[in-house]
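One structure coming up, written as structure tokens, with questions to follow.
The values are calculated or read from the model by the stated rules, or taken from the named source; none is laboratory data. Model, not experiment: these values are computed from the prediction. So basically every Cβ, Gly included, is an ideal-geometry build from the backbone, and we count neighbours across all protein chains shown. Only protein heavy atoms, including side chains, enter the accessible area calculation; ligands, DNA and RNA are left aside. Shrake-Rupley method; radii C 1.70, N 1.55, O 1.52, S 1.80 Å.
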Amino acid sequence: MRKTIFILILLSLSSMISAQENKLLDELNEVKGADEQVSYVLNLPVKDLEKIALTKKLESDLNTIASCIMPFVNSKTLKLTEKETVGLKKRIEIIATELFKSDNYVLLKNSGGYAPVYGVGMENIADKKVVIVHLGGDCTIEEVDLKWEEITSVFNNKMESLLKE
């Protein structure tokens, strides 16, 4: 009887520990090279998202991090309205939530200066292994860079709040 109880406790603890793992880390082990890993994370699709009007206009499912960031950054060129850019912010929050729910913990980091970092790393945040996507950058800051930081900040704020719950 004691052995059975011990085994049940051990199994429940192991499932709790594995629940804290990040599925994305295992997947990234199969992807070679920094460029491919960054691309893999940014283009990781979230399934079954509700279609919105903007998906038709942009001819995109808007179901990946990249598919929301790029139109937001280029919103001026694409002639997106304020309502549409707000819609992209809401969409990227939904993507962050869905990635979190599927145990794919991700944060985006912009860096600049003389030695920007580009690639994928890992940090422990709130007892969870979180994939950190380092997006590089340079010394100059233009309007596009500010838009990039704005949308990645929306994603990160949502993911961080979920990680800390």
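Applying the selection to the range 119-148, what residues are outside any strand (DSSP E or B), open to solvent by 50 Å² or more (accessible area, probe 1.4 Å) and within 20 Å of TYR40 (Cα to Cα)?
TRP148
Right, next: Does LYS79 satisfy being in contact (Cβ under 8 Å) with a residue 40 or more places away in the chain and among the charged types (D, E, K, R)? Break it down into steps so the answer makes sense when it comes.
Working: in contact (Cβ under 8 Å) with a residue 40 or more places away in the chain: no; among the charged types (D, E, K, R): yes.
Here the answer is no, as LYS79 does not meet what is asked.
Continuing with this model, one more query. Only one residue in ALA53, ALA34 is open to solvent by 70 Å² or more (accessible area, probe 1.4 Å), over 18 Å from PHE155 (Cβ atoms) and small (Gly, Ala, Ser). Which one? Break it down stepwise before answering.
Numbers: ALA34 fails: open to solvent by 70 Å² or more (accessible area, probe 1.4 Å).
Selected residue: ALA53, the only one of ALA53, ALA34 that is open to solvent by 70 Å² or more (accessible area, probe 1.4 Å), over 18 Å from PHE155 (Cβ atoms) and small (Gly, Ala, Ser).
Does the range 88-99 contain any residue that is in contact with a Phe, Trp or Tyr (Cβ under 8 Å, 6 or more places away or on another chain) and open to solvent by 40 Å² or more (accessible area, probe 1.4 Å)? Can you show your working first?
Taking the range 88-99 as the starting set, the residues that turn out to be in contact with a Phe, Trp or Tyr (Cβ under 8 Å, 6 or more places away or on another chain) are 88-89, 92-93, 95-96, 99.
Applying the additional criterion that residues be open to solvent by 40 Å² or more (accessible area, probe 1.4 Å) yields 89, 93.
Yes, the range 88-99 contains a residue that is in contact with a Phe, Trp or Tyr (Cβ under 8 Å, 6 or more places away or on another chain) and open to solvent by 40 Å² or more (accessible area, probe 1.4 Å).
What number of residues in the range 100-112 are out of contact with any Lys or Arg (no Cβ under 6 Å at 6 or more places or on another chain) and open to solvent by 30 Å² or more (accessible area, probe 1.4 Å)?
Qualifying residue count, the range 100-112: 7.
I need a count of the residues in the range 58-87 that are under 19 Å from PRO45 (Cα atoms), open to solvent by 30 Å² or more (accessible area, probe 1.4 Å) and touching a helix residue (DSSP H, G or I) at 6+ places or on another chain (Cβ under 8 Å). Reasoning before the result, please.
Quick first cut of the range 58-87, residues under 19 Å from PRO45 (Cα atoms) only: 58-72, 87.
Those left that are additionally open to solvent by 30 Å² or more (accessible area, probe 1.4 Å): 58-61, 63, 70.
Next cut, touching a helix residue (DSSP H, G or I) at 6+ places or on another chain (Cβ under 8 Å) only: 58, 60-61, 63.
Count: 4.
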